Amino acid sequence: MTIEEIHQLLVDEFGSDAILALVTDRIDPWIEVAPSSIVDVSVFLHDDDRLRFEHLNNLCGVDYLEPDAKKAKTFEHEPHLQVVYHLQSYVHKLRCVVKVKLPRWKDDVEGELPECPSVSSVWEIADWHERECYDLVGIRFTGHPNLRRILCPEDWVGHPLRKDYEMPLEYHGIRGK
Amino acid sequence: MSTVVQETDQRVIEFDVRTDEMLVNMGPQHPSTHGVLRLLLRTDGEVVHEVTPHIGYLHRCAEKIGENLSPPQWIPYTDRMDYLAGMNMNLGFSLAVEKLVGMEVPEKAMVVRVLIAELGRIASHLVGMGAYGLDLGSFSPFLYAFREREIILDLFEEVCGARLTYSYITPGGVTHDLPAEIDIPPGLAALTGRKPTERRPFLEVVEMFLSWLEPRIKEYHTLLTRNAIFVRRTANLGILSRDQAVGFGCTGPVLRGSGVDWDLRRDGEPIYTRMYDGYEFEVPVAPFDDAPRVAVLGDNWCRFYVRMMEVVQAIRLVRQAMEKYPTAEGEARIPYKLSNKLPNDECYLETECPRGAMGFYLVGTGNAEPFRARAKSSCFCNLAVTHDISRATLLADIPANVGSLDIVMGEIDR
């Protein structure tokens, strides 16, 4: 099954309000899904007999912001965040990439983390991946059973993989620079 | 300064202990947690009810570093992820970069990569085997395993100059071709009764090593795999069902130990499977016909046995690569400049590392440095099942369960 057919299946099931785009002119084509529909779409991708994407290879966040003024001239993206889901079907030997676009801050208030529904009820491993994504990229996964930092200490300030992150100068008496 | 902890505080909920229960902290300096892993165990007497792994002690945000470096400069950081299989980590990342820029490496580079990566797999599984024996209180297999691994490290040292952090496989191939002639590694010379000063062709020394290692595997089986104490401590313990293994995103020997026939060297993406075209090898998957009667699908014993069988297959693969090497065409490397601009594109690639599928996700935006360099660790996912396979087991079996997952903290924490 090609990515176009998977896309068609999803559009038939959820309509074009939930399935926003299909991008095929890239090495790994992807399907863009509206944040509010990601859980329903995930359940369908996981359970449907034609698809059976039982394995979540990877879940990660990307911060599309170019702080370097020189590089920003050729930077093609508007500032936003992406959550990328890489899926794998063992039964049908299929791969698929699903993306969710989020604003960098909730309601454009700086410091308010954007929200994305958690898919940890669909794939168990998403629990840890989402914790890591929250920790490093700063995305609040709503409905997550235990959204705590996983790699950084609990009292760490900021989200290191944000492009405008500033390294703390001091942490419990340890100098940062 | 004193702070009042509110009842809603996460820490209060976490340490909310009921009567007769005990919280036991295992690690981060416990010898059988394979590095700096802290397990918080909620126990009722000797029986464990809940295992909460706390990770991050080795976190250095390699992904952030990767965003500021050109791919060849990030190669040494991949060495330090899974430091017991540096070659395989290099390979995974190099292939991801090649997929992103659309580069095809010559046949010779592919053959050298297979040879080196499979030797790396043997070395890694030897440590996995030895350390697992150590976890269960059997010291000798560890010494034997390290004796063998030492020879592989010596061979790698002759190939690239490093013994642990190789940075040998780079985007475009390998840093340089295999050496023509080397001194026989002292360990191998002593074991085979030769002089360490004797110079021999590299491939001949590798074959010398393999033919020495092959009969030893039977000895390991006698010493460990079929050992009555070992079987009692591993079989029918730490059972991971197929659905759990898939749901938790387990890969590698952990997944195959639960009965899923999936190996990326065979089922992966073309850029990776192309390397293994024309090679004959089998993928060991549980259940095994020759398993002890008490062993069940997905238990500690199966995971361990998958690794042991993979060593046999890796030996086969190295031998086939050695056969192909003299006639392989092309150079061992095509140049990849540090200033090489990455296209405005993105890709994800997984490769079969000894511990599971290591994935690299790269986003390019027209600069030499990737905009996002994500390393998806296989051990990270494998460790997540600790709680599920350790529920209602005895405290003394926790090292057996964690050890059977064969984790490396450098890769989990990145």
> Got a number for residues in segment A:151-163 being more than 11 Å from chain B (Cβ to nearest Cβ) and surrounded by 12 or more Cβ atoms within 10 Å (Cβ to Cβ)?
Replying inline: 1
> Taking the stated definitions as given, is B:L39 in a loop (DSSP other than H, G, I, E, B) and either surrounded by 18 or more Cβ atoms within 10 Å (Cβ to Cβ) or touching a helix residue (DSSP H, G or I) at 6+ places or on another chain (Cβ under 7 Å) (or both)?
Replying inline: no
>> Being of a type in the set (A, V, I, L, M), at pLDDT below 90 and closer than 20 Å to B:P335 by Cα is the requirement here; does B:M110 meet it?
In response: no
> Residues of segment B:372-386 being within 26 Å of B:L342 (Cα to Cα) and in contact with a Leu (Cβ under 8 Å, 6 or more places away or on another chain), which ones?
Replying inline: B:R372, B:A373, B:R374
>> Can you report the number of residues in segment B:299-326 which are among the hydroxyl-bearing types (S, T, Y) and within 12 Å of B:V112 (Cα to Cα)?
In response: 1
> When you go through (1) surrounded by 19 or more Cβ atoms within 10 Å (Cβ to Cβ); (2) of a type outside the set (V, I, T); (3) touching a residue at least 24 places away in the same chain (Cβ under 8 Å); (4) facing chain B (nearest Cβ under 10 Å) one by one for A:Y90, which number turns out not to apply?
Replying inline: (1)
> Counting only residues that are in a loop (DSSP other than H, G, I, E, B) and under 16 Å from the mean Cα position of the chain (by Cα), how many does segment B:285-312 have?
Replying inline: 0
>> Which of the numbered conditions does B:V36 fail, given that it passes all the others? Conditions: (1) among the hydrophobic types (A, V, I, L, M, F, W, C); (2) within 14 Å of another protein chain (Cβ to nearest Cβ); (3) over 23 Å from A:C60 (Cα atoms); (4) in contact with a Ser or Thr (Cβ under 9 Å, 6 or more places away or on another chain).
In response: (4)
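Only one of A:I6, A:I31 is more than 11 Å from chain B (Cβ to nearest Cβ), in a strand (DSSP E or B) and surrounded by 15 or more Cβ atoms within 10 Å (Cβ to Cβ). Can you tell me which?
A:I31
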>> Here is a list: A:R95, A:R148. Which entry is of a type outside the set (A, V, I, L, M), within 10 Å of chain B (Cβ to nearest Cβ), surrounded by fewer than 22 Cβ atoms within 10 Å (Cβ to Cβ) and assigned to a strand (DSSP E or B)?
In response: A:R95
> In segment B:42-87, how many residues are more than 14 Å from chain A (Cβ to nearest Cβ) and surrounded by fewer than 21 Cβ atoms within 10 Å (Cβ to Cβ)?
Replying inline: 13
> In this structure, does B:I239 turn out to be in contact (Cβ under 8 Å) with a residue 12 or more places away in the chain, assigned to a helix (DSSP H, G or I) and farther than 30 Å from B:R333 by Cα?
Replying inline: no
> If you take the residues of segment A:65-80 that are more than 11 Å from chain B (Cβ to nearest Cβ) and under 20 Å from the mean Cα position of the chain (by Cα), which of them is surrounded by the fewest Cβ atoms within 10 Å (Cβ to Cβ)?
Replying inline: A:E78
>> Please go through segment B:248-257 and give me each residue that is within 12 Å of chain A (Cβ to nearest Cβ) and either at positive phi or modelled with pLDDT under 90 (or both), ordered by number.
In response: B:G249
>> Of the residues B:R232, B:R199, B:R163, only one is in contact with a Leu (Cβ under 6 Å, 6 or more places away or on another chain), of a type outside the set (A, V, I, L, M) and away from every other protein chain (no Cβ under 14 Å); which?
In response: B:R163
> Right, B:L69: closer than 30 Å to A:K71 by Cβ, at pLDDT 90 or above and not in a helix (DSSP H, G or I) or not?
Replying inline: yes
>> Quick check on segment B:179-195. Is at least one of its residues in a loop (DSSP other than H, G, I, E, B), modelled with pLDDT of 90 or more, out of contact with any Cys (no Cβ under 8 Å at 6 or more places or on another chain) and buried (at least 18 other Cβ atoms within 10 Å of the Cβ)?
In response: no
> Condition test on A:W128, is it of a type in the set (A, V, I, L, M, F, W, C) and more than 10 Å from chain B (Cβ to nearest Cβ)?
Replying inline: no
>> Quick check on this structure: which one of B:G249, B:G257 is farther than 30 Å from B:V105 by Cβ, crowded, with 24+ Cβ neighbours inside 10 Å, within 17 Å of the chain's Cα centre (by Cα) and in contact (Cβ under 8 Å) with a residue 40 or more places away in the chain?
In response: B:G257
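Do the conditions hold for B:R149, that is, is it closer than 19 Å to B:I217 by Cα and either surrounded by 24 or more Cβ atoms within 10 Å (Cβ to Cβ) or of a type outside the set (V, I, T) (or both)?
yes
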> Can you tell me which of B:P185, B:P201, B:P196, B:P171 is in contact with a helix residue (DSSP H, G or I) (Cβ under 6 Å, 6 or more places away or on another chain) and within 22 Å of B:A109 (Cα to Cα)?
Replying inline: B:P171
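Counting residues that are of a type in the set (F, W, Y), surrounded by 23 or more Cβ atoms within 10 Å (Cβ to Cβ) and within 14 Å of chain A (Cβ to nearest Cβ), which helices (runs of 4 or more DSSP H) fully inside segment B:318-414 reach at least 1?
The qualifying helices (runs of 4 or more DSSP H) are B:378-383.
Take B:E158 and decide whether it is among the charged types (D, E, K, R), over 28 Å from B:R274 (Cβ atoms) and either in contact with a strand residue (DSSP E or B) (Cβ under 6 Å, 6 or more places away or on another chain) or modelled with pLDDT of 90 or more (or both).
no
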>> Tell me the residue from A:L87, A:L136, A:L113 that is in contact with a helix residue (DSSP H, G or I) (Cβ under 8 Å, 6 or more places away or on another chain), under 30 Å from A:I6 (Cβ atoms) and not in a helix (DSSP H, G or I), please.
In response: A:L87
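The values are calculated or read from the model by the stated rules, or taken from the named source; none is laboratory data. What you are looking at is a predicted structure, and each value in this text was computed from that prediction instead of being measured. Here the Cβ is made from the backbone with ideal geometry for all residues, glycine too, and neighbour counts use every protein chain on show.
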